[in-house]
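Asks: So that we are looking at the same thing, I have put the structure below in structure tokens.
The values are calculated or read from the model by the stated rules, or taken from the named source; none is laboratory data. Remember, predicted model here, so these are calculated numbers, not experimental data. FYI the Cβ positions are ideal-geometry reconstructions off the backbone, even for glycines, and counts take in every protein chain you see.
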Amino acid sequence: MGFYDNRENALFRTLQEQVITFKQWGASIAEKHGEWETNYLYWDKLYNAVEEVLEHTSLAEWQTEVYELILYTLARDNEVENVLQLLIVQPKIFLSLAYSAITYSDYEARWQIAYGLGEVKGMRDEVNSLLSKLSNDEHEYVRRRALIALQKKWKDELNDQEINSAIPPV
């Protein structure tokens, strides 16, 4: 994990350090079951590191490792979903991350991406394409979340059409 050792970008390095700290803590947990991640005492530092990267860096600066760090954090935050909420309000970043999530190994990140895509406003074609891919995921829960999100998007689109057709032309 030494990718950012020589970089000036303190935000990426801080995120990397926070993920390493979480992983070290996680390695000390003998039996991981249920909501084990919620027992981590330093989520605030990890959330802050993610938020700083999302708000103060450009996607053009992101390397593969940044995507991996955020997807890992998203997957571990699968009960509280604070990272997901941070991502949903930044649709361009979220969609970029969603493309990486399609092949990400941890289904806990993929199902949250599927859910979050149902919440993203606009970008219909991209969202539908990603949800279509996730609806064929190897993991059943990811497939179900993707199908629910697709249904939500279709329902939202129909509601928008009904509202627009009810407004008389000016």
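Asks: If I ask for residues that are of a type in the set (A, V, I, L, M, F, W, C) and either part of a loop (DSSP other than H, G, I, E, B) or at pLDDT below 95 (or both), which ones from segment 63-99 would you list? Even if it seems obvious, please write down each step before you answer.
Replies: Kept after step one, since they are of a type in the set (A, V, I, L, M, F, W, C), are these residues of segment 63-99: 66, 69-71, 74-75, 80, 83-84, 86-89, 93-95, 97-98.
The answer is Val80, Val89.
Asks: Quick check, is Ser132 among the small types (Gly, Ala, Ser), part of a helix (DSSP H, G or I) and surrounded by fewer than 18 Cβ atoms within 10 Å (Cβ to Cβ)? Walk me through how you get there before you give the answer.
Replies: Values: among the small types (Gly, Ala, Ser): yes; part of a helix (DSSP H, G or I): yes; surrounded by fewer than 18 Cβ atoms within 10 Å (Cβ to Cβ): yes.
The answer is yes for Ser132.
Asks: Sticking with this one: Is it the case, given these coordinates, that Glu17 is in a helix (DSSP H, G or I), more than 26 Å from Ser135 (Cβ to Cβ), of a type in the set (D, E, K, R) and free of Cβ contacts under 8 Å to residues at least 40 places away in the same chain? Quick ask: steps written out before the conclusion?
Replies: On the way: in a helix (DSSP H, G or I): yes; more than 26 Å from Ser135 (Cβ to Cβ): yes; of a type in the set (D, E, K, R): yes; free of Cβ contacts under 8 Å to residues at least 40 places away in the same chain: yes.
Yes: the conditions hold for Glu17.
Asks: Follow-up. Would you be able to tell me the number of residues in segment 96-114 that are surrounded by fewer than 19 Cβ atoms within 10 Å (Cβ to Cβ) and either touching a residue at least 40 places away in the same chain (Cβ under 8 Å) or among the hydrophobic types (A, V, I, L, M, F, W, C) (or both)?
Replies: Counting residues in segment 96-114 that are surrounded by fewer than 19 Cβ atoms within 10 Å (Cβ to Cβ) and either touching a residue at least 40 places away in the same chain (Cβ under 8 Å) or among the hydrophobic types (A, V, I, L, M, F, W, C) (or both) gives 1.
Asks: Would you mention how many residues in segment 77-95 are surrounded by fewer than 14 Cβ atoms within 10 Å (Cβ to Cβ), closer than 23 Å to Thr38 by Cα and among the charged types (D, E, K, R)?
Replies: 1
Asks: Kindly indicate the residue of segment 27-66 that is of a type in the set (Val, Ile, Thr) and surrounded by 10 or more Cβ atoms within 10 Å (Cβ to Cβ) and also farthest from the chain's Cα centre (by Cα) among those meeting that condition. Lay out the reasoning, then the answer.
Replies: Just the residues of segment 27-66 that are of a type in the set (Val, Ile, Thr), to begin with: 29, 38, 50, 53, 57, 64, 66.
Imposing the further condition that a residue be surrounded by 10 or more Cβ atoms within 10 Å (Cβ to Cβ) reduces the set to 29, 38, 50, 53, 57, 66.
Numbers: Ile29: 25, Thr38: 17, Val50: 11, Val53: 13, Thr57: 16, Val66: 12 Å.
Among those that are of a type in the set (Val, Ile, Thr) and surrounded by 10 or more Cβ atoms within 10 Å (Cβ to Cβ), it is Ile29.
Asks: Mind telling me which of the residues Ala60, Ala30 ends up being out of contact with any strand residue (DSSP E or B) (no Cβ under 7 Å at 6 or more places or on another chain), at pLDDT below 95 and in a helix (DSSP H, G or I)?
Replies: Values: Ala30 fails: in a helix (DSSP H, G or I).
On inspection, the qualifying residue turns out to be Ala60.
Asks: So, one more: So is Ile148 more than 24 Å from Asp44 (Cα to Cα), modelled with pLDDT of 95 or more and not in a loop (DSSP other than H, G, I, E, B) or not? Show your work before the answer.
Replies: On the way: more than 24 Å from Asp44 (Cα to Cα): yes; modelled with pLDDT of 95 or more: yes; not in a loop (DSSP other than H, G, I, E, B): yes.
Answer is yes for this residue.
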